[in-house]
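I have placed the structure first, in the form of C-alpha cells, so that the comments after it can refer back to it.
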Amino acid sequence: DLVVEVPESSGINAEYGDEYFLSFEESKEWMVQYELGKKETREGGQEPISFAEYIKRYNDEDLYCVTGLPKFLRGDMPIFGPLNCKFVLTKLMDDLVMWFSSGGTKSVWHYDDYENLNCLIKGKKELILANRSEMELGHFQREGSFSKVDVDSVDLNKYPGFSEITFYNATIEAGDCVYIPTFWGHVVRSWGRNIAINAWWEIYKSPFECTPAHLSDWSAVSMTTDSDIGKAGEEVMKDTEGARELSGNFRLVMWSSLPMRTEGHVSRASFLDVLQPELKDEISDFLESVNGKPEDLADEEWLRVFDQLDANKDEHLDPREIDLLSSDETLIFLIQQAKIESPSSDTEKAEL
C-alpha cells in the first residue's frame, strides 16, 4: 500500500494559516523558491523572494512555492511515523521540501532518484503513478528526469508508450502520506489551499536495524542536501547531484531495460546489450577527467562490474541489487576493481 496515514498534529493543522506564518519575524528575511505558473514546465525558475512576500501574493497570482521547509517552521512539523528511525534520520535524510499554493497546480510527468514520502498538511491532492519497471514507456528525457508530455492532453501519436503503462491513482487529504519509490513516474495535482511536505532519503546498501529516533519534530534533523535559503538571502545548497548522476543514469538504464520490464531482472547474458553506448561514453568521459587519460572498459571488465553487483551470484541483477548502486563513488570503485582484476593485471602479477 503506497498510502499511509499520519496522525494529525494540532500544531500543523490548526496553526499553518497565513497569519501564523507571518507571525514569525524570520518570514520577512527567509528567502524561498517559487515557480511562475501553477502548471509546471521546468523552463526556468524565478528569483527567490521572502516567505512573507510570497504569502502576500500567492492567492492573487499564478505562483507555486517549491522550497526547503523553512527552519523556523521545522519545530512545528512532527516526524512522519514511517521515518521515525534513528538510522534514517541521522544518516540517510536528503531533503525536506515544502509545496505551497492556493491550489490548481499540475506537475510535469517525472521521477525522483530518491525515496520519497509526500505528506499532505492542507488541501487535497491526486497522484498518478507508474512502476519504474515501465520507465521506458514514459518518454523521459535523459537529462532532467521528466517528460515533455502535456499532462492535460497526452498526444499518443507522439508519446505512444503512455497507452501501455499501468497507472496507479492515489487521492489524498490532510493527514495522508504517499510513499513514492525511487524512479516511479508520477504527476501530482492539487486543489484548495495546499501545503505538502515531502521527505527525500537515500537508498541504503544493506538492511539495518530501525530503532526509534526519539525526536518529536524535524528541528534537530540534518539533511544531506538542505535546500533552505539563508537569512541574508544567500542560497545555501550543498550540491550533491553531480556526485550521483552517473550511478543514477546507470540504474535508470537497468530499470528501463526490456529484460527488467519483462523478466524482472537483468541477466549476465543480456547485460552488455542493456548497457547503452551513451552511458558507456559518459562513464568513459568521467574517468578520463579524473585520470587524465582515456578509460574505455572492455566487455570482460563490464562483466566484472556485473559480477560485483550480483550479490547472490545467481547471474541476475534484481531490483535490490541495482538499487545498491546509489553513488558515483561506488560505481567508480567497482570499475576500478574490475580493471585491477583484468587478465593484463593478472599477467603482470604473475611476472612479478
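The values are calculated or read from the model by the stated rules, or taken from the named source; none is laboratory data. All values reported here derive from a predicted model rather than from experimental measurement. Glycine gets a Cβ as well: all are built from the backbone with ideal geometry, and neighbour counts include every protein chain shown. The area values use the complete protein model at the heavy-atom level, side chains included, leaving out ligands, DNA and RNA. Shrake-Rupley method; radii C 1.70, N 1.55, O 1.52, S 1.80 Å.
Annotations for the structure displayed:
- Residues located in segment 309-338, provided they are assigned to a helix (DSSP H, G or I), open to solvent by less than 60 Å² (accessible area, probe 1.4 Å) and not acidic (Asp, Glu): LEU309, PRO319, ILE322, THR330, LEU331, ILE332, LEU334, ILE335, GLN337, ALA338
- Members of segment 67-116 found to be of a type in the set (D, E, K, R) and under 20 Å from the mean Cα position of the chain (by Cα), listed by number: LYS91, ASP94, ASP95, LYS106, ASP112, ASP113, GLU115
- Segment 122-167: number of residues that are open to solvent by 80 Å² or more (accessible area, probe 1.4 Å) and under 10 Å from GLY185 (Cα atoms): 1
- Test: residue in segment 106-126 that is farther than 18 Å from LYS38 by Cβ and of a type in the set (Phe, Trp, Tyr): yes
- Answer from SER270, SER289 - the residue that is assigned to a helix (DSSP H, G or I) and within 27 Å of the chain's Cα centre (by Cα): SER289
- Answer residue from segment 51-71, given it is touching a residue at least 40 places away in the same chain (Cβ under 8 Å) and surrounded by fewer than 18 Cβ atoms within 10 Å (Cβ to Cβ) and is farthest from ARG193 (Cα to Cα) among those: LYS71
- Any pair with Cβ under 9 angstrom, 6 or more apart, that starts in segment 262-279 at a residue that is open to solvent by less than 30 Å² (accessible area, probe 1.4 Å) and ends at one that is of a type in the set (D, E, K, R): VAL266/ASP318; SER267/GLU315; SER270/GLU263
- None of VAL88, VAL66, VAL97 is more than 25 Å from SER23 (Cα to Cα), in contact with a strand residue (DSSP E or B) (Cβ under 8 Å, 6 or more places away or on another chain) and β-branched (Val, Ile, Thr) except VAL88.
- Residues of segment 261-277 satisfying the condition of being modelled with pLDDT under 80 and not basic (Lys, Arg): THR262
Residue-wise test of (1) touching a Phe, Trp or Tyr at 6+ places or on another chain (Cβ under 7 Å); (2) not in a helix (DSSP H, G or I).
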residue: GLU43; (1), (2): no, yes
residue: THR90; (1), (2): no, no
residue: ASP95; (1), (2): yes, yes
residue: GLY123; (1), (2): yes, yes
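- Of all residues in segment 97-121, those being part of a strand (DSSP E or B), over 19 Å from SER222 (Cβ atoms) and polar (S, T, N, Q) number 2.
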